[in-house]
Amino acid sequence: MSRPTVVRFALFLATVVSIWGVLSIGSAQSELNLEVGAPSPTTFTAVRTVDVLDVDETDARRQAARDSVAPIRRVATERQDVAEANVNAVFDDLTAMVTLGTRIDIIVPDLPEVEEPEEESDLVTLSGLVFLDVDGNGRFEPVAEAPRFDRPLAGVRITVTTVEGDTTTVTDSQGLWALESPVGPAVVVVASTNGPVPSGWIPAVGEPAKLVDCVAGEACDAGGVGFVADLRPLAEVVSEFSRIHSNLLPGTVLFLAETAADDVVRAALGEPLHLPEIQARALERMNAEFGSRIELEGLGEAQNRQRTTPPFVWHPDTGRDLEGGQAAGEIVAAHLTDNFVVDDSTTEEARTEAEIAVPPVMVEVREGTTVVREGDTLTRLHIDSINQAAFRVGSAGPASMGLLAVIGVLIGVMSLYLSKFRQEIWSRPRMVALLGILLLVAAGAVRLTTALSESTSWYILPAVAFGFITAVLFDQRIALLMALSVGVITAVGTQDLGLTVYAVLAAMAPIPFVSSVSSRGAFRNAVVLSSLTAAGVAAATSWFFHVAPDQNALEVIGMAVAWAFGASVVASLVGLAALQFFESAFDVTTALSLLDLTDRNHAALQLLQDKAFGTFNHSLMVGTLADAASRAIGANPLLARAMAYYHDLGKTENPTYFIENQFGMQNPHDMLEPKESAEILRSHVTEGVALARRFKIPTDVAQGIVSHHGDGVMRYFYEKARSTYGDEVDIDDFRHIGHKPRTAETAILMLADSLEAACRAVFQIEEPTPEAIDKVVTRIIDEKVEDGQLSESPLTLAELTQIRKAFLDSLVGHYHQRIAYPNFPGAGASSS
């Protein structure tokens, strides 16, 4: 079996199976219209014994197995880490916000200018005091009987600046400092940020930098500098802390703020801090609680336990601190969370295993038993039993096999027609595949129509588009075959006689409109006219087939007309847009692509005009002749004209070697050997094919490049070679590259090309009278016939006669006689 036969057989099977599959999708369900909970349309009896899966019961048992698996829990240790971090954050935030962090900018006064003493100045004792002003009254009152009293600050650095320079000292254990200073002004600066000054304390009494004037013979006192706690107002601390830790009670927040402020003083006095004690007891209780498993259900109880039995907190001054313990318990309660949680992934795995372990529940439906009676409520088990035992569906069912048989016969008849009468299509597997794809899309449209018909109309079927696309991509006869095929597919897909008649007639409607178009505007007009025709067909078929006695005829017909027209217009426009894809993917030459090719703005024609102007004009004239001859015998004039425009595209590579491009120059062939000249001339065919491929010119048009000279002999150079080298010259060295024309259009192109060249040569020296033109036309046609160049073309003698007349009429019109004007330059010329 040859490869083309295998390919065509594979395409046949693929088309049949694909269309059958598309038409079978959901057909059983849509025909029976079986829905769970709906009444049974009829009584179903099992025609065979089968085991049917009871989906509902199986799902119920498997769900029960899943539900029987208790949630699997794990200890979430990461939650304890988060809770402890939250508790620490409470105390860290409180410590950070209880002090203001006031910035101390020391303004050092300038030392006044004084006259230098003639003799060495007397010295005086300059002294001062630095202390912690615990009570904040601005006075140093170290009363030991009070619980909190002012304390001296030892080790604070003092800098004294005099006219003699800087002198430094530090305070002693009593906070006092003293040094010998010359009489006169002195600037005293107390360091406020060095080690001895407690964190969170700032100068309050006097200035840390002051100017002192010392008098001779008197003690010079710089006074005292007291430091006070830099505390934020308690209300501000409570407000900001409550905003951040809103889960704590107001009383707890107030107590913690007071304790934090008190710890600032304690730290300065060297007393034990209380806030770290509360923090330690809270963390200790938190760790103890997380030592046991806390489930979500028991979290509330664990939180209440912190409030009712709070941790034991010891105050360094008063002993057990009940309020501190309550605060610690409240903090733990606010941040305690469950740590024994459900492990979702492990639980899901266990439940899935339990579900899989449940075997499917199968119900035996025996042949001859009643599955469900008419009117009974349908269950899923009923529907599954009907599909498997009572209503045969799928590949085993007789209805489905019948559908497959009808489709097989349809595609078989189409294949037989193509193989016997349309060899030009049958020999091209791409075209056969394209026809199969269109049939498959038609089947999809039919199936979609059946799915949407209840909510729309039967006449949503876009039958017009298939006739339209097929007529453009193929021709009128294949479009007619497609219309009949669409009708068959509609019949088996819908079993509606009215829609079948509509599908056939609507698919035929575009054929007469598309066959005569010659512009893109005409294509759009064809869409509208075809859609109007389809609307008329819908009116007739809906009136005859679809109007029930109890229905309003005008309403039914109006809906059918509206849907038919709208669906036809939309589908045809979509099909028109898809044509370019089909043309490119399947190398199809359509009237639309030919219109683009015959546009003189095409890039290839622009190249021809720019590089070989004489050849360009020659090609235009050949196109005119080919167009006229094609119209005379009913061939494709657009195709003939397009082939004529591009047949000499290869001459752009060496334009000056062709006589029509030699303007006022010596013929370069005069300096070449005949064989070299022949090689250059024959190369314009191969170079033309390469350029056609580059410019994506369709194969049908490129055939004009290959066959416009056939395998004819270049007589001029052959005879020149013989006259030079004798009869030993091989005639095949002087044959054109290509094959003989095999279509009417390529044969017409060959004749028009030779005829235009001959006329251009002859009528440069002869008068182009009708008789002279007739002789040239007859001679050219006879030469081609006698040389056997038309032996493979389908042209008949009758058609050659019509072609001869068309050529003659065109050339006589081109070389028309002009009126000789007296005394006008060139009046003697009688032809253009």
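Residues whose amide H lies under 5 Å from that of G224, counting only those 5 or more places away or on a different chain, are L129; hydrogens are built 1.01 Å from N in the peptide plane. Mind giving me the FRET efficiency for S239 and F9? R0 is 60 Å, r the Cβ-Cβ distance, nearest 0.05 is fine. The formula returns an efficiency of 0.10 here. Within the set K651/K740; K611/K720; K611/K696; K611/K740; K720/K775; K651/K696, which residue pairs have Cα atoms separated by over 23 Å? Pairs exceeding 23 Å: K611/K720; K611/K740; K720/K775. Treating each Cα of segment 718-805 as one equal point scatterer and applying the Debye formula with no solvent, the log10 of I(q)/I(0) at q = 0.15, 0.19, 0.20, 0.22 Å⁻¹ comes out as -0.70, -0.96, -1.01, -1.08.
Cysteines in the chain lacking any other cysteine Cβ under 4.7 Å from their own Cβ: C759.
Ellipticity at 222 nm from helices only: DSSP H runs of n ≥ 4 in the chain, each -39500 (n - 2.57), divided by the residue count, give -18000 deg cm²/dmol.
The order of the peptides 80-93, 674-687 by mean Cβ neighbours within 10 Å, most packed first, is 674-687, 80-93. Using the reciprocal of the averaged 1/r over all distinct C-alpha pairs, how large is the Kirkwood radius of segment 563-708 in Å? Kirkwood radius, segment 563-708: 16.9 Å.
Seen from every direction in turn and averaged, the convex hull around the alpha carbons of segment 467-579 projects onto 6.8 nm².
Of the heavy-atom accessible surface of the chain (probe 1.4 angstrom), what whole percent is carbon and sulfur? Show your work: numbers first, answer last.
Numbers: 23210 of 41760 Å².
Carbon with sulfur: 56 percent of the solvent-accessible area.
Restricting the calculation to Cα atoms, segment 168-258 shows an Rg/Rh of 1.24 when the hydrodynamic-style radius is the Kirkwood one. Taking all Cα pairs closer than 8 Å and separated by 6 or more residues, the relative contact order of segment 255-376 comes to 25 percent. With the convex hull of its Cα atoms as the shape, segment 313-357 has an orientation-averaged projected area of 4.7 nm².
Can you give the translational diffusion coefficient of segment 689-735 in µm²/s, computed by Stokes-Einstein from the Kirkwood radius over Cα pairs at 4 °C and 1.567 mPa s?
Values: Rh = 12.6 Å.
So the translational diffusion coefficient is about 103 µm²/s.
Viscosity 1.306 mPa s, temperature 10 °C: what is the translational diffusion coefficient of segment 44-121 from Stokes-Einstein with a Kirkwood Rh over Cα pairs, rounded to a whole number of µm²/s?
Values: Rh = 23.4 Å.
Translational diffusion coefficient: 68 µm²/s.
Between rounded, prolate and oblate, where does segment 647-803 land on the alpha carbon gyration tensor, with a ≥ b ≥ c its root eigenvalues, rounded for a/c under 1.5, else prolate if a/b exceeds b/c? Rounded, because the longest to shortest axis ratio a/c is under 1.5.
Each peptide in 104-111, 787-794 was scored by the mean count of other Cβ atoms within 10 Å over its residues; highest first, the order is 787-794, 104-111.
The residues packed around S415, meaning those with a beta-carbon under 12 Å from its beta-carbon, carry a net charge of +3 if Lys and Arg are +1 and Asp and Glu are -1. With Cα atoms defining each centre, segment 209-263 and segment 637-665 are spaced 104 Å apart in the structure.
For the chain, what is the accessible area per residue in Å² when the probe is 1.4 Å? Walk me through the intermediate numbers first.
Values: 41760 Å² over 832 residues.
Per residue, the chain has 50 Å² of solvent-accessible surface.
Quick test of the membrane-span-like rule: which DSSP H helices of the chain reach at least 18 Å along their long axis (C-alpha atoms) with mean Kyte hydropathy at least 0.5? Span-like helices in the chain: 3-24, 250-269, 398-421, 429-452, 476-494, 520-541, 553-586, 613-633, 744-762.
I need the Kirkwood Rh of segment 230-356: take the reciprocal of the average 1/r across all distinct C-alpha pairs and report it in angstrom.
Values: mean 1/r = 0.0597 Å⁻¹.
This gives a value of 16.7 Å.
Mean separation of Cα pairs under 8 Å and 6 or more residues apart, divided by the residue count, gives the chain a relative contact order of 12 percent.
Projected label points at T346 and A280, each 7 Å from Cα along the beta carbon direction, are separated by 3.7 nanometres. With the charge dipole of the chain set up from +1 on Lys and Arg Cβ and -1 on Asp and Glu Cβ about the Cα centre, the Cα lying farthest toward the positive end among the listed residues L435, I633, V514 is that of I633.
So if we plug the beta-carbon distance of A578 and S791 into 1/(1 + (r/R0)^6) with R0 = 41 Å, what FRET efficiency do we get, rounded to 0.05?
Details: r = 40 Å, r/R0 = 0.97.
According to the calculation, E is roughly 0.55.
The value given for the chain is a Kirkwood hydrodynamic radius of 39.8 Å, derived from the mean inverse Cα-Cα separation. Peptides 706-712, 466-472 ranked from most to least packed, by the mean per-residue count of other Cβ atoms within 10 Å: 466-472, 706-712.
Just for the chain, what percent of DSSP beta bridges are antiparallel, to the closest 5?
Antiparallel bridges make up about 90 percent of those DSSP assigns within the chain.
Per-residue extension of 0.36 nm, minus the Cα-Cα distance of A219 and L249, leaves a gain of 5.0 nm for this segment. Calculated FRET efficiency, F421 and V363, Cβ-Cβ r, R0 41 Å, to nearest 0.05? My answer for the efficiency is 0.10. Placing pseudo-labels 7 Å out from each Cα toward the beta carbon at A585 and A562 gives an inter-label distance of 3.4 nm.
The values are calculated or read from the model by the stated rules, or taken from the named source; none is laboratory data. In this text, all values refer to a predicted model and were calculated from it rather than measured experimentally. Because the Cβ atoms are built from the backbone with ideal geometry, glycine has one as well, and the counts that use them run over all protein chains shown. Surface accessibility is based on the protein's heavy atoms, side chains included, excluding ligands, DNA and RNA. Shrake-Rupley method; radii C 1.70, N 1.55, O 1.52, S 1.80 Å.
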